[in-house]
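Asks: Got a structure for you, written out below as structure tokens; questions coming shortly.
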Amino acid sequence: MKLLETQQRILKILWAQGQATQIEISETIGVDRSTVSRNINRLFEQGILKKSGSLDPGPKGGRRTEIVDLNPNWKQLLGISVEQGELYAVLADFSGRVVKEYSTFTKVTSKNIEEKLTEVIERFSPFKTELLGVCLAVPGVVEPETGSIILSESLGMKDFPLKQIMENRLSVPCFVENDSNAAVARMFSWPNGLDGSVVYFLFSLPSDLSDFVGLGVGVGIQGEIFRGCHLLAGEVPIRVPICSQSLPLETLKEASNNLKLDFSRFLEKASDIISNILNLLDPCIAVVGGDVNLLPNDVVEALVEKIRRKTYMLERKQLKITCDFDGLKTPAIGAVRAFLSRFMSDLDFANRVLSRVSEL
């Protein structure tokens, strides 16, 4: 199976704006109706598109106008957010809608990541034959073409060929994206898409709370992810633990009840770094997410307040600072969206994926 350029342009329109008539598609992509009709019929035959309804011909009569849409059941995608103390997986249909999810607290390193990912993927084994791809959101510097992790301090990886390893293990196309960039990709479509520039601060808490907290920064400008000249945009070492005690990550669930932890050092260091970045970039929207959903509410409120106080001329900027409490679900969904975005716009990438799927 191989996509043609016109077919991909049709898919991109339907993915971006939803269902449409053949006339609307023809006008949008600037291709004559007969060519659009011929390519839509081929996509029908392959099961990628479906008929979702029809419009009345109007007072002059004639044929009803068919409405076409992506077939969400054509293929599925598995998005997995990988952090040093947790894995979060979502199964999504071809439209990107989540149909199943799973999470687990576990220590992830370069030595066990293949086994840990395989264990999670096996939980979705009934859907393996329907997978278009496995989409991984990971902390650190990622080479997007090869799917290699150039450096991830939190996972202990350097020049780690994650994409190659997992494709050899699974025989399914794999896609690797930086976790904070994946989070930004989801922000472009959730809840209704964010206008202007957005900066996403993704916290990654370690399996042992005395280890360093991870912080990734995703930058989105006018609907595009900014990676920097050397793929290093957003890599900000925070080098501070949640507390000095050696406690498991799950302990945070008890912190608001009977366990008292001193978050003061973390709050000062994190708010200093975030406010400095906001002062430098001057975005429209700042989102604090990742593992903040594991922190007590009063700690999150204190963090946001400290960021506000340390951000220069906040009232003048009218900067919107918000929290995303979906946790690692956000980069998992974002990895799926980033995969679909590239599948709909990069013809070579789409056909490489399809050729590998057809071999299964």
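Asks: Could you give the size of the charge dipole of the chain about its Cα centre, using +1 on the Cβ of each K and R and -1 on the Cβ of each D and E, expressed in debye and rounded to the nearest 20?
Replies: In debye, rounded to 20, the chain gives about 860.
Asks: On to the next question. Please figure out what share of the DSSP beta bridges in segment 183-328 is antiparallel and state it in percent, rounded to the nearest 5.
Replies: In segment 183-328, approximately 55 percent of DSSP beta bridges are antiparallel ones.
Asks: Something else: Of the listed values (1) 21.0; (2) 28.8; (3) 21.7, identify the label whose number matches Kirkwood radius over Cα pairs in Å calculated from this model.
Replies: Among (1) 21.0; (2) 28.8; (3) 21.7, the one derived from this structure is (3).
Asks: Which of the peptides 269-276, 100-107, 320-327 is most tightly packed, and how do the rest follow, judged by the mean count of other Cβ atoms within 10 Å per residue?
Replies: Packing order, densest peptide first, comes out as 269-276, 320-327, 100-107.
Asks: At a Förster radius of 22 Å, what calculated FRET efficiency corresponds to the Cβ-Cβ distance of Phe325 and Tyr102, to the nearest 0.05?
Replies: 0.75
Asks: Related question: As a test, work out the antiparallel percent of DSSP beta bridges whose residues both lie in the chain, rounded to the nearest 5.
Replies: Counting only bridges with both partners in the chain, antiparallel ones make up about 65 percent.
Asks: What is the dipole size for segment 112-168, taken about its Cα centre, with +1 at each Lys and Arg Cβ and -1 at each Asp and Glu Cβ, in debye to the nearest 20?
Replies: For segment 112-168, the charge dipole is close to 100 debye.
Asks: Under 8 Å for C-alpha pairs, at least 6 residues apart: give me the relative contact order for the chain, rounded to a whole percent.
Replies: 18
Asks: Continuing with the same structure: Using a cut-off of 19 Å between alpha-carbon atoms, which lysines can reach Lys306, once sequence neighbours fewer than 8 places away in the same chain are excluded?
Replies: Qualifying lysines at Cα under 19 Å: Lys269, Lys317, Lys320.
Asks: Given the options Ser244, Thr28, Leu131, identify the residue whose Cα lies farthest towards the positive end of the charge dipole of the chain (+1 on Cβ of Lys, Arg; -1 on Cβ of Asp, Glu).
Replies: Thr28
Asks: Continuing with this model, one more query. Which aspartates and glutamates, on any chain, are close to Lys12 with Cα under 12 Å apart, when same-chain ones fewer than 8 places away are left out?
Replies: Within the straight-line cut-off, Lys12 pairs with Asp69, Asp346.
Asks: Could you tell me how many degrees, from 0 to 90 and to the nearest 10, lie between the Cα long axis of helix 347-358 and the main elongation axis, the longest principal axis, of the Cα atoms of the chain?
Replies: 90
Asks: If you take every DSSP beta bridge fully contained in segment 68-157, what fraction is antiparallel? Give it as a percent rounded to 5.
Replies: Around 75 percent antiparallel, to the nearest 5.
Asks: Using a 10 Å cut-off on Cβ atoms, rank the peptides 202-214, 41-53, 8-20, 328-340 from the highest mean neighbour count down.
Replies: Per-residue Cβ counts within 10 Å, averaged per peptide and sorted highest first, yield 328-340, 202-214, 8-20, 41-53.
Coordinate-derived values only; no laboratory data. None of the values given here were measured: they were computed from a predicted structure. When we count neighbours, we look across all protein chains shown, and the Cβ atoms used for this are built from the backbone with ideal geometry, even at glycine.
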